[in-house]
Amino acid sequence: WDELVTSASVAQVVQTLTELYAAFESFVDPRHQIFRWRTTAQGFMAVAGHDGDATHAMVLAEVALSLVEAVRHVALPSGQPLRIHLVLHSGPGGAGIVGCRFPHCTFFGEAVQLVEALEDPSGAPGCVHMS
């Protein structure tokens, strides 16, 4: 992330992130009961299993591997390949709308806290950390 924002123009950063998120969103959709929950400059969170589907962990693992492959087709403006690491965790969580003046959806709970703790940028690129 640091390499991208320090060596590229704002337009190049936006274009690279658009390509990356388009690749991610091609795998994360309601057909698999996987939903994008939050996107930040450095993170993309998706959730599944909220519908009680017992296969959600398997589906998420397959999607995670597909995301690793999809990222191989996204390059940084410098031409260097984009390298990411993914965190996959299964556990309890909740969701709701918070705020009055600027309401927004939020996802919270043990699972979210663990994933956020494992979002260490020094994680092994091209790998999926599962817990």
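In this view, the solvent-accessible surface of Phe24, computed with a 1.4 Å probe and all protein chains in place, comes to about 10 Å². Counting only protein heavy atoms and using a 1.4 Å probe, the accessible area of Leu17 comes to about 30 Å².
Potential lengthening of the chain between Leu65 and Arg83 amounts to 5.1 nm, from the contour at 0.36 nm per residue minus the alpha-carbon distance.
Within the assembled protein chains, the solvent-accessible surface assigned to Thr106 is about 40 Å², based on a 1.4 Å probe. Carbon and sulfur atoms: what percent of the 1.4 Å accessible area of region 61-131 do they account for? Solvent-exposed carbon and sulfur of region 61-131 make up 59 percent of the total. Taking amide hydrogens as placed 1.01 Å from N in the peptide plane, the amide H of Val87 sits under 5 Å from those of His129, each at least 5 positions away in sequence or on another chain. Between Phe27 and any residue 5 or more places off or on another chain, the built amide H atoms are never under 5 Å apart.
Here the Karplus relation 6.51 cos²θ - 1.76 cosθ + 1.60, evaluated at θ = phi - 60°, turns the backbone of region 94-105 into coupling constants of x, 9, x, 9, 10, x, 10, 6, 10, x, 8, 7 Hz, with x for every Gly and Pro.
The values are calculated or read from the model by the stated rules, or taken from the named source; none is laboratory data. Just so you know, these numbers come straight off a predicted model, no measurement behind them. When the accessible area is computed, the model is the full protein with side chains, heavy atoms only, and any ligands, DNA or RNA have been set aside. Shrake-Rupley method; radii C 1.70, N 1.55, O 1.52, S 1.80 Å.
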